[in-house]
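Here is the structure we will look at, set down as structure tokens.
The values are calculated or read from the model by the stated rules, or taken from the named source; none is laboratory data. Keep in mind that what you see is a predicted model, and the values were worked out from it rather than measured. Note that we place each Cβ from the backbone using ideal geometry, even for glycine, and neighbour counts take in every protein chain shown.
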Amino acid sequence: MKTFSRYKKGSLLFAPLEGVTDEPYRKAIQEIFPEWDYYSCDFYRIPTVGKISPKMFIEHFGEKQFHDPKVMDKTAFQILTSARAQNQRAAEILAELHIPHLDLNLGCPSHTVNSNGGGAYLLSNHREMIQVVSTFRKNFPRAFTVKIRVGYRDDASFEETLKILEGEGVEAITIHGRTRDQLYKGRANWEYIKRANEIVKIPIIGNGDVWTAEDIEQIFSETDCYAIMFGRPAMKTPWLAKIYKDYLKDGTSIDETFLLYERKGYLQLYFETLEKEFRTIGFHDDLLLKKFKSFSLNLFEDYQEGETVRSKFLRSMSFEEFKNHLWNLK
Ligand SMILES: Cc1cc2nc3c(=O)[nH]c(=O)nc-3n(C[C@H](O)[C@H](O)[C@H](O)COP(=O)(O)O)c2cc1C
């Protein structure tokens, strides 16, 4: 049976999300929806030039959480890099800092990142991918995983990529079932997750378009993936892991009526807790409003007249107005 030292089979993982999963956000989610089994910080870009120091890594992760062993036990540190970056030095620092789990981002589709030789670009250049992966594997002694898409332009080298990563000593692979060129178009293809599971012996973590509790059941049963990672669905329904676990525990209905009924209370709790966390790092009303508007983009999709509800939040002229909309939610 496949195993991974950091979490059990069947775990539900909150994905790394740039601009979202920073320390205050993760703290808020951990406080109110502890049903998520595992987290990751968003990617830290390893610099190509200039001095790199331990402090830079600690600040990216969040200093308080970095010094909390319970949190470190449940969180991966994600990096984004290219073959030209200071990988050896970065790996040594991460090892010296006793980071327990390092995850390498090989899925980022950003044009800028890819044209600098990072993210999903490395799926199209196996020589550079091996250079990067082996440098981290040789210099970082603890858990090391990789997060990929199924290819860059197409899926032609998918199988080879998996075998290389396994051969280099990567301990688990998260697969987002799209190529880089597909960006977020269409629906992620879980067939790749199933295939990968048969091709390599290491655990495969399924990712992409797992929106509902029914989707969770379906992806587990169709692919037998080791765990599931949630990005946009976790932003849309931050209590999704709770819904699924409640359902497993006591058969609580997971149908839409239940979700709609619960949602107002969850949303208020979500924003209230986020406000508390962001205020502790000095956010004032204007910054909170900007941040909360960006979080609102992913909410309300299943609301009746969701577009109208969302645009009310997005058009708020003040933080006070935003909060009024929240309290007046149906
Ligand atoms: C706003 C946003 C930020 C993201 N940031 C990261 C990141 O920092 N690292 C990473 O590996 N993937 C990142 N991703 C990709 C997601 O982790 C995930 O792989 C992708 O969204 C597909 O899964 P989903 O359908 O569950 O969203 C990001 C995605 C979004 C939408």
Q. If you take the residues of region 185-203 that are away from the ligand (no atom under 14 Å from the Cβ) and among the aliphatic types (A, V, I, L, M), which of them is nearest to ILE148 (Cα to Cα)?
A. ALA196
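For GLU18, state whether it is part of a loop (DSSP other than H, G, I, E, B) and within 16 Å of the ligand (Cβ to nearest atom).
Yes, satisfied.
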Q: Tell me, please, whether a residue that is more than 13 Å from the chain's Cα centre (by Cα), charged (D, E, K, R), under 30 Å from ARG263 (Cβ atoms) and surrounded by 24 or more Cβ atoms within 10 Å (Cβ to Cβ) can be found in region 213-229.
A: no
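Has region 19-30 got any residue that is more than 18 Å from the chain's Cα centre (by Cα), farther than 22 Å from VAL146 by Cβ and hydrophobic (A, V, I, L, M, F, W, C)?
Residues of region 19-30 that are more than 18 Å from the chain's Cα centre (by Cα), as a first pass: none.
Checked against the condition, which is being more than 18 Å from the chain's Cα centre (by Cα), farther than 22 Å from VAL146 by Cβ and hydrophobic (A, V, I, L, M, F, W, C), region 19-30 yields no hits at all.
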Q: Identify all residues within region 169-210 that are out of contact with any Gly (no Cβ under 7 Å at 6 or more places or on another chain), crowded, with 17+ Cβ neighbours inside 10 Å, under 23 Å from LEU299 (Cα atoms) and of a type in the set (A, V, I, L, M, F, W, C); write none if there are none.
A: VAL210
**Q.** Lone unmet requirement of (1) under 17 Å from the mean Cα position of the chain (by Cα); (2) more than 13 Å from the ligand (Cβ to nearest atom); (3) touching a residue at least 12 places away in the same chain (Cβ under 8 Å); (4) farther than 23 Å from ILE202 by Cα for ASP73
**A.** (4)
Q | Count of residues meeting criterion [part of a helix (DSSP H, G or I), farther than 12 Å from ALA188 by Cβ and away from the ligand (no atom under 13 Å from the Cβ)] in region 218-240 | A | 4
Q. So which residues in region 143-180 are under 27 Å from LEU97 (Cβ atoms) and touching a Lys or Arg at 6+ places or on another chain (Cβ under 9 Å), if there are any at all?
A. ALA143, PHE144, THR145, GLU166, GLU168, GLY169, VAL170, GLU171, ALA172, ILE173, THR174
Q. Quick one: which of TYR244, TYR226, TYR192, TYR184 is outside the structural domain of LEU269 (by TED's automatic domain parsing) and touching a Pro at 6+ places or on another chain (Cβ under 6 Å)?
A. TYR226
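Restrict the check to region 116-136 and report whether at least one residue is in contact with a His (Cβ under 7 Å, 6 or more places away or on another chain) and touching a residue at least 24 places away in the same chain (Cβ under 8 Å).
No, region 116-136 has no match at all.
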Q | All positions within region 267-316 that are in contact (Cβ under 8 Å) with a residue 12 or more places away in the chain, of a type in the set (D, E, K, R) and assigned to a loop (DSSP other than H, G, I, E, B) | A | GLU301, ASP302
Q: Search region 12-23 for residues that are in the same structural domain as LEU104 (by TED's automatic domain parsing) and at negative phi and pair each with any residue that is acidic (Asp, Glu) and near the ligand (Cβ under 6 Å from one of its atoms) when their beta-carbon atoms are under 8 Å apart and the residues are at least 6 apart or on different chains.
A: PRO16/ASP42; LEU17/ASP42; GLU18/ASP42; VAL20/ASP42; THR21/ASP42; ASP22/ASP42
(Q) Looking for something touching a Ser or Thr at 6+ places or on another chain (Cβ under 9 Å) and either within 15 Å of the ligand (Cβ to nearest atom) or under 28 Å from LEU287 (Cα atoms) (or both) - is there at least one such residue anywhere in region 83-100? (A) no
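The rows are residues; the columns are (1) more than 16 Å from the ligand (Cβ to nearest atom); (2) outside the structural domain of ARG142 (by TED's automatic domain parsing); (3) in contact (Cβ under 8 Å) with a residue 60 or more places away in the chain; (4) of a type outside the set (S, T, N, Q).
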| residue | (1), (2), (3), (4) |
| --- | --- |
| ARG26 | no, no, no, yes |
| GLU35 | yes, no, yes, yes |
| ARG45 | no, no, yes, yes |
| GLU63 | yes, no, no, yes |
| HIS67 | yes, no, no, yes |
| GLN78 | no, no, yes, no |
Q. Do you know which residues across region 101-142 are touching a Pro at 6+ places or on another chain (Cβ under 8 Å) and either within 16 Å of the ligand (Cβ to nearest atom) or over 26 Å from GLU63 (Cα atoms) (or both)?
A. ASP103, ASN105, GLY119, ALA120
